[in-house]
Amino acid sequence: MNNLNPEIVEFLHKNNKKMIIEKASNKELELLTDANFKQNIRASLDHDAITHILKRHGVNSVNVKNGESPITNEDIANYRYIVNNADAILRTIDKYGKEAITAFKQVNGYAVVVEQAINKKNELALKTMYKNNGSYKNNEVYKEFSSTSLDANAKVPHGLSSHSGATENPTQKPLTSQEDLLKTRENLNETTPKPTNLSPLEQANTENIKNEVKKLENQIIETTTRLLTSYQIFLKQARDNANHQITENKTQSLEALNQAKTTANNEISENKTQAITNINQAKENATNQINTNKQEVLNNITQEKQEATSEIIEAKNTIIIKTLIFLRLNKAC
């Protein structure tokens, strides 16, 4: 079971880890049948391969800047899908004299190329992965290796056997899944030394040991699968918790902003009302003051008028009296 995903690829890359992905496919085992390798081969992915791929073919690599399509963590997470569904798979010997398997898969306008090699631990380890524009049949590796058929033990850097629709023998009967399984078992029996001159008890013990080893291997695979599944669940839960926390903080921030806005509006309204009240009060006070001053002025004018009238009357009376006296004096004379 393949539990590889972009998050796990990133984890392996950042923490210098390695992961056993799954058992090698029947197609891969068929290519390695005569290469003196054990049949119980598993595909693996480690930090060094991820680092190499991203450095040479990642988003910021020189190759991508020169026009090559970039390889991402998601592409690396899907590399086993590319291998298991390849349009062509070739067996090679790399420049270091090591056995390698190169898979080609046409995806839209470019070809995905995946190279794996058997390491010292008998694992089919991912070495590199890249994308080429155009058809995979125009890839230099494909053109060179697909046209070469050498013995598996040939120690030359271009020795290949191939597995593709274009190079298979058309008279060869394709294997069914059961036939593949039987062939794998036969190869396993051929490559496993058979004990000789053993008693029935010793033979039974040998079979028991083989069965126990197989059980342990299956337990390791199951345990690894459970751990990876738990890790995926942990990552999903952590991501969900982070998103929930972000949403909650965003909601709290919006509520705080709305509360501050409401408070500001209320304060503005209160200040506006208070200002209007103060203006009206000042206006009323001014009006009252004007009216008071006006009445006081009118009272002063009225009083002064009365005083002037009294003075005029008094002066008039004095003049009348003096006139009467003057007339009487003239009459007497």
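The values are calculated or read from the model by the stated rules, or taken from the named source; none is laboratory data. The shown structure was predicted, so the numbers you read here are calculated from the model rather than taken from an experiment. No Cβ is skipped: glycine too gets one built from the backbone with ideal geometry, and neighbour counts run over all protein chains shown.
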Completion exercise
Exactly one of ILE41, ILE50 is within 30 Å of ILE220 (Cα to Cα) and either within 26 Å of the chain's Cα centre (by Cα) or acidic (Asp, Glu) (or both), and that one is ILE50
Practice task
Taking ALA117 as meeting all but one of (1) surrounded by 19 or more Cβ atoms within 10 Å (Cβ to Cβ); (2) in a helix (DSSP H, G or I), write down the number of the exception.
Solution key: (2)
Completion exercise
Checked ASN73, ASN15, ASN26 against criteria (touching an Asp or Glu at 6+ places or on another chain (Cβ under 9 Å) and more than 19 Å from ALA111 (Cα to Cα)); the one match is ASN26
Problem - Filter result for LEU235 (surrounded by 10 or more Cβ atoms within 10 Å (Cβ to Cβ), part of a helix (DSSP H, G or I) and touching a residue at least 12 places away in the same chain (Cβ under 8 Å)) - result: yes
Exercise for the section: Report whether or not ASN241 is part of a helix (DSSP H, G or I) and at pLDDT below 75. Expected result: no
Practice task
List every residue pair whose Cβ atoms sit under 8 Å apart, with the two residues 6 or more apart in sequence or on different chains, where the first one lies in the range 129-141 and is more than 13 Å from GLY109 (Cα to Cα) and the second, anywhere, is assigned to a loop (DSSP other than H, G, I, E, B).
Solution key: MET129/ILE71; TYR130/GLU68; TYR130/ILE71
Completion exercise
In the range 211-231, anything charged (D, E, K, R) and either loosely packed, with under 11 Cβ neighbours inside 10 Å or free of Cβ contacts under 8 Å to residues at least 40 places away in the same chain (or both) is listed as GLU212, LYS214, LYS215, GLU222, ARG226
Exercise for the section: Looking only at the range 225-234, decide whether some residue is among the small types (Gly, Ala, Ser) and either farther than 30 Å from GLU7 by Cα or modelled with pLDDT under 85 (or both). Expected result: yes
Handout entry: Test: LEU4 is more than 30 Å from GLN237 (Cβ to Cβ), surrounded by 19 or more Cβ atoms within 10 Å (Cβ to Cβ) and touching a residue at least 40 places away in the same chain (Cβ under 8 Å)
Key = no
Fill in the blank from the handout: Considering residues that are within 15 Å of ILE101 (Cβ to Cβ) and surrounded by 15 or more Cβ atoms within 10 Å (Cβ to Cβ), the number found within the range 120-135 is 7
Exercise for the section: Would you mind telling me which numbered condition in (1) more than 31 Å from the chain's Cα centre (by Cα); (2) surrounded by fewer than 21 Cβ atoms within 10 Å (Cβ to Cβ); (3) assigned to a strand (DSSP E or B) ILE101 fails? Expected result: (2)
Practice task
Would you mind stating whether ASN271 is in a helix (DSSP H, G or I) and either of a type in the set (Lys, Arg) or surrounded by 10 or more Cβ atoms within 10 Å (Cβ to Cβ) (or both)?
Solution key: yes
Completion exercise
If we ask which residues in the range 54-91 are in a helix (DSSP H, G or I), of a type in the set (A, V, I, L, M) and surrounded by fewer than 22 Cβ atoms within 10 Å (Cβ to Cβ), their number turns out to be 5
